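Engineer: To start, I am sharing the structure in question, which I have written as structure tokens.
The values are calculated or read from the model by the stated rules, or taken from the named source; none is laboratory data. It should be emphasised that the depicted structure is a prediction, and the values quoted were computed from it without experimental measurement. Every residue, glycine among them, receives a Cβ derived from its backbone with ideal geometry; neighbour counts consider all protein chains shown. Surface areas here come from the heavy atoms of the whole protein model, side chains and all, with no ligands, DNA or RNA. Shrake-Rupley method; radii C 1.70, N 1.55, O 1.52, S 1.80 Å.
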Amino acid sequence: MTLVSLSGIGKTFPNGVAALEDFSLDLHAGEIVSLVGPSGCGKSTALRIIAGLTAPDRGTIVWDGAPPQIGFVFQDATLLPWANVFDNVRLPLRLAGAPRRASWDAVAEALVTVGLAAFGNATPRELSGGMKMRVSIARALVQRPKLLLMDEPFAALDEIVRFQLNDDLLRIAAETGASVVF
């Protein structure tokens, strides 16, 4: 089953940079896809367009039904510096109106998945760069999205954590039927 089809997508920024030209992709439910290319070729722009964060200039995007719950991991951790790890991970649940107490299990599970169960009370300034990225990944996973978009999520992680998270994400995708685009 096709989750989303992008056809002939183009995006040119106001400064004249053509980030995408005639980009097409059919993403199927439960599929894991990697976009590969040199820096600046439009991979991040494609993810932002799929997520609805950036509008294409041309082309069509067709979802099979309504767009699903989407988790997004940006290249930078983008954490709230004044909030602890628990509250950073809980942010999507809070924005969806879930009470703090009802969010506890989902946040705890996401923190276990990324290996940060003991850091719920830490603030971002107390974390290494790799730990901050793991918090960002936990935040994307906390709602168990059906579509997980990951913009170079492992770049700041050491090799052992990278392999562990890769295995965890593959397991989560298999368990939930989530589609993943790296």
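Engineer: For residues in region 149-182 being part of a loop (DSSP other than H, G, I, E, B) and in contact with a Leu (Cβ under 9 Å, 6 or more places away or on another chain), which is farthest from Asp76 (Cα to Cα)?
Structural biologist: Restricting to residues being part of a loop (DSSP other than H, G, I, E, B) and in contact with a Leu (Cβ under 9 Å, 6 or more places away or on another chain), the top hit is Ala178.
Engineer: Also, quick follow-up: Tell me, which residue of region 50-78 that is under 14 Å from Pro153 (Cα atoms) and surrounded by fewer than 17 Cβ atoms within 10 Å (Cβ to Cβ) is nearest to the chain's Cα centre (by Cα)?
Structural biologist: Of the residues in region 50-78, the ones under 14 Å from Pro153 (Cα atoms) are 71-78.
Right, trim to surrounded by fewer than 17 Cβ atoms within 10 Å (Cβ to Cβ) and you get 75-76, 78.
On the way: Gln75: 9, Asp76: 11, Thr78: 12 Å.
Among those that are under 14 Å from Pro153 (Cα atoms) and surrounded by fewer than 17 Cβ atoms within 10 Å (Cβ to Cβ), it is Gln75.
Engineer: Restricting the search to region 50-69, which residues are out of contact with any Ser or Thr (no Cβ under 6 Å at 6 or more places or on another chain) and either outside any strand (DSSP E or B) or closer than 13 Å to Asp151 by Cα (or both)?
Structural biologist: Residues satisfying the conditions are Ile50, Ala51, Gly52, Leu53, Thr54, Ala55, Pro56, Gly65, Ala66, Pro67, Pro68, Gln69.
Engineer: Just to check your reading of the model, which residue among Phe74, Phe154 is in contact with a helix residue (DSSP H, G or I) (Cβ under 6 Å, 6 or more places away or on another chain) and aromatic (Phe, Trp, Tyr)?
Structural biologist: Values: Phe74 fails: in contact with a helix residue (DSSP H, G or I) (Cβ under 6 Å, 6 or more places away or on another chain).
Exactly one residue qualifies, and that residue is Phe154.
Engineer: For residues that are in a loop (DSSP other than H, G, I, E, B) and either surrounded by 14 or more Cβ atoms within 10 Å (Cβ to Cβ) or without any contact (Cβ under 8 Å) to a residue 24 or more places away in the chain (or both), tally how many sit in region 79-92. Spell out the reasoning first.
Structural biologist: Taking region 79-92 first, the residues in a loop (DSSP other than H, G, I, E, B) are 79-84.
Next cut, either surrounded by 14 or more Cβ atoms within 10 Å (Cβ to Cβ) or without any contact (Cβ under 8 Å) to a residue 24 or more places away in the chain (or both) only: 79, 83-84.
Of the residues in that region, 3 qualify.
Engineer: Hey, Lys11 hits all of (1) buried (at least 17 other Cβ atoms within 10 Å of the Cβ); (2) free of Cβ contacts under 8 Å to residues at least 24 places away in the same chain; (3) over 20 Å from the mean Cα position of the chain (by Cα) but one; which does it fall short on?
Structural biologist: Only one criterion in (1) buried (at least 17 other Cβ atoms within 10 Å of the Cβ); (2) free of Cβ contacts under 8 Å to residues at least 24 places away in the same chain; (3) over 20 Å from the mean Cα position of the chain (by Cα) is unmet by Lys11, namely (2).
Engineer: When region 133-157 is examined, which residues are found to be over 30 Å from Met1 (Cβ atoms) and surrounded by fewer than 20 Cβ atoms within 10 Å (Cβ to Cβ)?
Structural biologist: Step one: list which residues in region 133-157 are over 30 Å from Met1 (Cβ atoms), which gives 133-135, 155-157.
If the condition is that a residue be over 30 Å from Met1 (Cβ atoms) and surrounded by fewer than 20 Cβ atoms within 10 Å (Cβ to Cβ), then Ala155, Ala156 are the ones that fit.
Engineer: Leu127: closer than 25 Å to Arg162 by Cβ, open to solvent by less than 30 Å² (accessible area, probe 1.4 Å) and either touching a His at 6+ places or on another chain (Cβ under 6 Å) or not polar (S, T, N, Q) (or both), yes or no? It would help to see each step written out before you state the result.
Structural biologist: Details: closer than 25 Å to Arg162 by Cβ: yes; open to solvent by less than 30 Å² (accessible area, probe 1.4 Å): yes; either touching a His at 6+ places or on another chain (Cβ under 6 Å) or not polar (S, T, N, Q) (or both): yes.
So Leu127 passes the test.
Engineer: Does region 94-108 contain any residue that is touching a Ser or Thr at 6+ places or on another chain (Cβ under 6 Å), farther than 16 Å from Ser136 by Cβ and surrounded by 15 or more Cβ atoms within 10 Å (Cβ to Cβ)? So that I can check it myself, show each step before the final result.
Structural biologist: Narrowing region 94-108 to residues touching a Ser or Thr at 6+ places or on another chain (Cβ under 6 Å): none.
The answer is no, given that none of the residues of region 94-108 is touching a Ser or Thr at 6+ places or on another chain (Cβ under 6 Å), farther than 16 Å from Ser136 by Cβ and surrounded by 15 or more Cβ atoms within 10 Å (Cβ to Cβ).
Engineer: Oh, and also: Look through Leu3, Leu47 and report the one residue that is in contact with an Asp or Glu (Cβ under 9 Å, 6 or more places away or on another chain), outside any helix (DSSP H, G or I) and surrounded by 12 or more Cβ atoms within 10 Å (Cβ to Cβ). I'd like the intermediate steps shown before the answer.
Structural biologist: Working: Leu47 fails: outside any helix (DSSP H, G or I).
Answer to the selection: Leu3.
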